[in-house]
Amino acid sequence: MSENHTDAPGQGVYLYAVTPGGEPPRDLRGVLDGPVRPLSHGGLVAHVSDVPLDRFGEEPLRRSLEDLDWVEGVARAHHRVVEALAAAGPTAPVRLVTVYTGEEQVRDLLDRRHDDFAEILSRVAGRREWGVKAYLRRQTPQPAPVPPATTTAGGDSPGMAYLRRKKENLRGREDLWRAAAERAEDLHAELGRFAVASLRHRPQDPQLSGRSEAMVLNGAYLVDPAREEEFAAVLGGFRDRFLDVELTGPWAPYSFTSVDLGAGRAGGVR
């Protein structure tokens, strides 16, 4: 279908994902509400849509990436397409805002990275990604208020006594951190026993996680459907006074489909 598509002046080609075959779901819309179409080549299918280069070219894109509202809108459209494709079969998503100046460049990509995409698609076929986030439970008491500045019977001034209590309280928080980190390591290892592949992402900032507690585990796990129940059952044994554990997903397998396309920050124009 797309082999007859002619690249228009000033138009770029936005790449969402690569699949082993098939057409995108009917009436699937992507960035800027553009229709998503398949571009078949060498036994693979790239799913793309047209975008104007005056908005997605190198210079305007650099400016747009500073606009968080713009990035959020593009990300929502990108992920909507990927999730629809992943619901239909094995899917290898590419990075956000991966734009080519023409279809021939996309075909060249499918030629150059054919084996990488084929390996990834084989690995994720029939499997789903689950996320597990673990947060530190904060239960250490707050330091007592500073008492009036008089000398205590034991010889310590109230200020010295306060500093000693504060130091002990700090030691308690450090011990809590250490225990929680060790529990998070054990949790990650145990979950890995039921996953085909696993990895740890960097902990999210509270502004992104939406929680005030510190995150001590941000794990991703590729799981066979037959083992998903066992996988989820692991979490119950790790919800304790140290950790609050949260299961997210299932997701398209973003964490296990990485192919380095030579992109800079957040994709980019090629």
Among the residues of region 193-214, which ones are under 13 Å from Val234 (Cβ atoms) and under 18 Å from the mean Cα position of the chain (by Cα)?
-> Ala195, Ser198
Restricting region 85-98 to residues that are buried (at least 21 other Cβ atoms within 10 Å of the Cβ) and either out of contact with any strand residue (DSSP E or B) (no Cβ under 6 Å at 6 or more places or on another chain) or of a type in the set (Phe, Trp, Tyr) (or both), the residue that is nearest to Gly34 (Cα to Cα) = Ala86
Test Ala189 against the stated conditions and say whether it is under 19 Å from Phe238 (Cα atoms) and at pLDDT below 90.
-> no
Within region 59-79, can one find any residue that is outside any strand (DSSP E or B) and over 24 Å from the mean Cα position of the chain (by Cα)?
-> yes
Pairing a residue in region 180-199 that is in the same structural domain as Arg241 (by TED's automatic domain parsing) and surrounded by 14 or more Cβ atoms within 10 Å (Cβ to Cβ) with any residue that is part of a loop (DSSP other than H, G, I, E, B) and among the hydrophobic types (A, V, I, L, M, F, W, C), where Cβ atoms lie under 7 Å and the two sit 6 or more apart in sequence or on different chains, gives Ala180/Phe242; Arg183/Phe242
Filter region 50-82 for residues that are free of Cβ contacts under 8 Å to residues at least 24 places away in the same chain and of a type in the set (A, V, I, L, M); the one that is nearest to Pro38 (Cα to Cα) is Ala75
Do you know which of the residues in region 45-58 that are in a helix (DSSP H, G or I) and touching a helix residue (DSSP H, G or I) at 6+ places or on another chain (Cβ under 9 Å) is surrounded by the most Cβ atoms within 10 Å (Cβ to Cβ)?
-> Phe56
Could you say whether any residue in region 65-83 is basic (Lys, Arg), closer than 21 Å to Glu129 by Cα and surrounded by 15 or more Cβ atoms within 10 Å (Cβ to Cβ)?
-> yes
Scan (1) without any contact (Cβ under 8 Å) to a residue 60 or more places away in the chain; (2) within 13 Å of Ala88 (Cα to Cα); (3) surrounded by 12 or more Cβ atoms within 10 Å (Cβ to Cβ) for the single condition Gly30 breaks and write down its number.
-> (2)
Taking region 105-134 and keeping residues touching a Lys or Arg at 6+ places or on another chain (Cβ under 9 Å) and not assigned by TED's automatic domain parsing to the domain that holds Leu15 leaves Lys133, Ala134
For residues that are assigned to a loop (DSSP other than H, G, I, E, B) and modelled with pLDDT of 75 or more, scanning just region 3-21, find the one that is surrounded by the most Cβ atoms within 10 Å (Cβ to Cβ).
-> Pro20
Set Leu222, Leu247, Leu261: member being modelled with pLDDT under 90 and outside any helix (DSSP H, G or I) = Leu261
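The values are calculated or read from the model by the stated rules, or taken from the named source; none is laboratory data. Since the structure is predicted, the reported quantities are computational estimates derived from the model, not experimental observations. Neighbour counts run over all protein chains shown; Cβ positions are idealised from the backbone, glycine included.
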